[in-house]
Amino acid sequence: MMAMPLGPLMSILFSIAFMAMLAKTSPTLALLATALSAILALIIISYTGRYLPRWIMDVLDRLTNKASLEASYGARSRKLVTIDAGLLASRLKSRVIGQNAAIDSIAVQLRRRLAAQRSDKPVAVFCLAGPPGVGKTHLAKVLADELYGDKGHLHFFDMSQFGQSHAAASLFGQARGYVGSTSYGSLTAALRDTPNCIVLLDEFEKAHPDVHKRFLTAWNDGFVTETSDGARVSTTEAIFIMTTNAASRRIGEIAKEHESDPVEADRLIKRALSDAQFAPEVLSRIDTVFAFKPLSGLDIARVVALETESLCKQYALLIEDGGIDPAILLRAIEAMQKQSDGGVRDIARAIERQVTDGLLEARENGARSIRLFAEGQNVRVEIASFLATAERSAEVG
Ligand SMILES: Nc1ncnc2c1ncn2[C@@H]1O[C@H](COP(=O)(O)OP(=O)(O)O)[C@@H](O)[C@H]1O
Ligand SMILES: [Mg+2]
């Protein structure tokens, strides 16, 4: 039962009294007033759409929960205004291991830049530099996830695909008249569709210098121009993050030596990048370069453990608490110290090769969780618990 609010009730009573008085003095006028209010009521009712025939109703009213959809859609296009730097940093640190100095600094800078949003520049232009396989690309992805909570807000570009000078066309569109020039460039289209986003320019040094220069207006003027139709697409809500392995050894050392002095580190790193063929106008437009350190000691074990966990998740398997044999992780640390480059990626891949068959088998036997044991140079998968029968038949069905 819906209780009628007092306001409308009073106004209805008042109108009835008014009509009765009017009917006594002038019946025609009363008739006219009644007809008029009937028409008005009809208009109001049909406006809310609730009593319309199915075919006039909004599809969304009919087929979904429109209010909830509208709310989520609103959240999607929400602008980031302020963030809690401390909270963001601690969330990032739980997913990106051993890069605390870079993460703290990124969080603080982002907070400042979001608060002081400039109307003619992107929110930020950051560069993550350091050796391969230490979490640069990973951090950019995790950051997008933490800020926007949605994969759609990350625009990923593998810059090694733009090694030729004419490659910019596929990012910024192609002049009219070219074959296939009807479609937008991938960068301009992405920014047009989701302007509040992270644009990840992965391994930036591998793109052609001409491609690098095309980014300057995006960073200096706050827009990019789509070549095919000359449309301006704003970049003022975007966070540009480029990653680079250039001069990684030197940058790794600078990061270690100048951990407590980020300003000096930034200056030295920019010089190292300039020696590695980064154009001065590009470097001068980068707000900050964050140096990533080579992973060491137990941090290697942490990353390998996380990687192993996410591998198991791909097979819908959990690792039981304490379920990874320390010997496996110790071996990973030793392997990392022996190899010079390649980072954790190679090690995670080696473990993947060793456990894939075991994981598949465990899955087929209805395992819910598993343990991993080192056995000589191999890894053995042992089932720790099984799925309940109902879950199993759901899996099979
Ligand atoms: N510091 C780290 N913390 C957590 N995972 C990491 C870290 N470094 C590397 N990884 C894992 O290794 C993979 C490769 O790292 P990536 O970020 O691509 O390296 P790069 O520094 O070369 O960009 C990532 O997908 C991630 O799962
Ligand atoms: Mg990378």
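Among the residues of the range 307-321, the one identified as closer than 20 Å to residue 136 by Cβ and surrounded by 17 or more Cβ atoms within 10 Å (Cβ to Cβ) is 307. If the condition is being open to solvent by 50 Å² or more (accessible area, probe 1.4 Å) and away from ligand 2 (no atom under 16 Å from the Cβ), then the range 151-172 contributes 151, 164, 165, 166, 170. Looking across the range 199-248 at every residue that is closer than 14 Å to residue 276 by Cβ and more than 16 Å from ligand 2 (Cβ to nearest atom), the one that is least open to solvent (accessible area, probe 1.4 Å) is identified as 212. I'd like to check something: does the range 244-257 contain any residue that is of a type in the set (A, V, I, L, M) and modelled with pLDDT of 95 or more? For the range 244-257, residues of a type in the set (A, V, I, L, M) and modelled with pLDDT of 95 or more: absent.
Scanning the range 331-359 for residues that are of a type in the set (A, V, I, L, M, F, W, C) and farther than 21 Å from residue 135 by Cβ returns 355, 359. Of all residues in the range 110-145, which are within 14 Å of ligand 1 (Cβ to nearest atom), outside any loop (DSSP other than H, G, I, E, B) and out of contact with any Ser or Thr (no Cβ under 9 Å at 6 or more places or on another chain)? The answer is 138, 141, 142, 143, 144, 145. Just to be sure before I move on: is residue 228 at pLDDT 85 or above and in a loop (DSSP other than H, G, I, E, B) in the structure I sent? Yes; evaluated as a whole, the condition is true for this residue.
The values are calculated or read from the model by the stated rules, or taken from the named source; none is laboratory data. None of the values given here were measured: they were computed from a predicted structure. Please note: Cβ atoms are built from the backbone with ideal geometry, for glycine as well, and neighbour counts cover all protein chains shown. With ligands, DNA and RNA removed, areas are computed over all heavy atoms of the protein, side chains included. Shrake-Rupley method; radii C 1.70, N 1.55, O 1.52, S 1.80 Å.
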